[in-house]
Amino acid sequence: MSKTIQAVRGMNDILPADAALWEFFEDTVADWLRAYGYTQIRTPIVESTDLFVRSIGEVTDIVEKEMYSFEDRLNGEQLTLRPEGTASCVRAVIQHNLLYNAPQRLWYKGPMFRHERPQKGRYRQFHQVGVEALGFAGPDMDAEHIVMTARLWKLLGLDDVALEINTLGSLEARARYRSRLISYFEGHADVLDEDAKRRLHSNPLRILDSKNPAMQAIIEAAPKLAEDLDEESRKHFEELQEMLIAAGVPFRINPRLVRGLDYYNATVFEWVTTRLGAQGTVCAGGRYDSLIEQIGGKSAPACGFAMGVERLLALLQEQSFVPPALMPDAYMLHLGEQADRMAILAAEQLRDSGLSVVLHCGGGSFKSQMKKADASGARYAVIIGDDEATAGEVSIKPLRTSGEQSRMNLVQAAEYLAE
Ligand code: ATP
Ligand code: MG
């Protein structure tokens, strides 16, 4: 026998046993986004590599070492499996001129790909739900995003996530901060790891995002951006804080919060939990006012965030959350030539009334069919034998309670099962 083929390392099958949890999450999220007036956008999973290099930034973990890139074997084009959703979303908005006469509230969901070291909460294919508001400049939109995420945690029943916010200021403020950081880290060159040394002159802010424990002390003591902050960003950040206080959303200012992607400016935020070990950030985002122009669109302000679905589901499971069961209403058994023919139509008729019905396939005795009905989790068995078929009726037997079996026609059956 040849060796069995396994899924690619760091890429997970989502098995039927987890379907109820995923569906609960996705349904909750779709309702939640509708409640805020966001519309879904679906973009391809493969994009030009250049899109990510130009948006996420050349000197970032994602672009330097985490992208799944390949050459189109026919025309040699450089392509990449998307590592995140914002760049694709912005590309589509520019390409289709969606900002032509109105700002946009958009969302997306789907798999993202990053070649990271697989561990709990960190995979090579993972899923994000992301939200983008394009064409909005004020802190009111940053506040909307934070308030809406706070509501989602409530809807999901998560109480263990805390909000951290920071501001990265304008591009000019970051440039000033950058030179101060370079001098500071130059003074600690002996502690810097290889990545940090390489980034010291190209992208020193990235050093603050390092997860290397050996560097945490110098990162902690590094100069803070606050002193270089421009007036406009300071005001934007203060207004955001006032709005969050007014909305009753508690937060902590974390001056080390810089995010792993270069396109952010002004507001950045993360929702973090202590219950998932090192992979504690479940949602992250911020403002990216220059990204649209940077990848070829007409300049427009924007902000957004993305959440890690696997991490949120892990958190739900941590809290022993039990999702609503995905059991069918009925399992239909049938035996005999006439009954077999009637069953297909009878099942359709019950489904017409909105019921979920699993129709037994594959024959067998009533006894063996009943075993399958039981295992299906269905609330009722709907039974059609020759007697029932001749009378154009069905027998219904409750499977989860001790009620009696009773006979009725299909109209009555639909009503009975719907109760
Ligand atoms: P981290 O600091 O954990 O690497 P990040 O800053 O790279 O996260 P973003 O690019 O902002 O993450 O993505 C938003 C969210 O997507 C993260 O907060 C996290 O919940 C989730 N996420 C990111 N990378 C992974 C991954 N490899 N596996 C699972 N979830 C991930
Ligand atoms: Mg990362």
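The values are calculated or read from the model by the stated rules, or taken from the named source; none is laboratory data. Because the structure is predicted, anything quoted here is derived from the model rather than measured. Cβ sites come from the backbone with ideal geometry, for glycine too, and all protein chains shown count toward neighbours. For accessibility, only protein heavy atoms count, side chains too; no ligands or nucleic acids. Shrake-Rupley method; radii C 1.70, N 1.55, O 1.52, S 1.80 Å.
Numbers for the structure displayed
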read-out	value
Subset of the range 380-398 (residues that are touching an Asp or Glu at 6+ places or on another chain (Cβ under 7 Å) and in contact (Cβ under 8 Å) with a residue 40 or more places away in the chain)	TYR380, VAL394
Qualifying residue in the range 44-63 (condition: at negative phi, of a type in the set (Asp, Glu), at pLDDT below 95 and within 13 Å of ligand 1 (Cβ to nearest atom))	yes
Residue list for the range 152-191, filter: touching a residue at least 24 places away in the same chain (Cβ under 8 Å), open to solvent by 10 Å² or more (accessible area, probe 1.4 Å) and over 30 Å from LEU315 (Cα atoms)	SER170, LEU171, GLU172, ARG174, ARG176, ARG178, ARG180, TYR184, HIS188, VAL191
Single condition GLY37 does not satisfy, out of (1) surrounded by fewer than 19 Cβ atoms within 10 Å (Cβ to Cβ); (2) touching a Cys at 6+ places or on another chain (Cβ under 7 Å); (3) farther than 27 Å from ARG206 by Cβ	(2)
Residue in the range 287-313 that is farthest from ligand 2 (Cβ to nearest atom), counting only those that are part of a helix (DSSP H, G or I) and open to solvent by less than 30 Å² (accessible area, probe 1.4 Å)	ILE292
Selected residue (only one of PHE136, PHE113 is within 12 Å of ligand 1 (Cβ to nearest atom) and buried (at least 18 other Cβ atoms within 10 Å of the Cβ))	PHE113
Elements of type helices (runs of 4 or more DSSP H) contained in the range 342-419, each with 2 or more residues being open to solvent by less than 80 Å² (accessible area, probe 1.4 Å) and of a type in the set (S, T, N, Q)	366-375
Pair list, Cβ < 9 Å and 6+ apart or interchain, from the range 52-79 residues that are in contact (Cβ under 8 Å) with a residue 40 or more places away in the chain and farther than 19 Å from LEU205 by Cα to residues that are aromatic (Phe, Trp, Tyr) and within 16 Å of ligand 1 (Cβ to nearest atom)	MET67/PHE52; MET67/PHE113; TYR68/PHE113
Residue check, GLU84 modelled with pLDDT under 95 and within 26 Å of ILE207 (Cα to Cα)	no
Residue check for GLY304: in contact with an Asp or Glu (Cβ under 8 Å, 6 or more places away or on another chain) and either closer than 21 Å to VAL63 by Cα or not acidic (Asp, Glu) (or both)	yes
Count - residues of the range 93-106 that are open to solvent by 20 Å² or more (accessible area, probe 1.4 Å) and under 24 Å from ARG82 (Cα atoms)	8
Matching entry among VAL249, VAL282, VAL258, VAL268 (being in a loop (DSSP other than H, G, I, E, B), closer than 30 Å to VAL93 by Cβ, within 13 Å of ligand 1 (Cβ to nearest atom) and within 28 Å of the chain's Cα centre (by Cα))	VAL258
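To keep it simple, each residue is scored yes or no on (1) within 24 Å of ARG124 (Cα to Cα); (2) acidic (Asp, Glu).
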| site | (1), (2) |
| --- | --- |
| ILE207 | yes, no |
| ASP228 | no, yes |
| GLU238 | no, yes |
| GLY286 | yes, no |
| SER290 | no, no |
| GLN294 | no, no |
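Each row is one residue, and each column tells you yes or no for (1) more than 24 Å from PHE136 (Cα to Cα); (2) open to solvent by 50 Å² or more (accessible area, probe 1.4 Å); (3) charged (D, E, K, R).
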site	(1), (2), (3)
ASP228	yes, no, yes
ARG234	no, yes, yes
MET243	no, yes, no
ALA246	no, yes, no
ILE253	no, yes, no
VAL258	no, no, no
ASP262	no, no, yes
TRP271	no, no, no
THR274	yes, yes, no
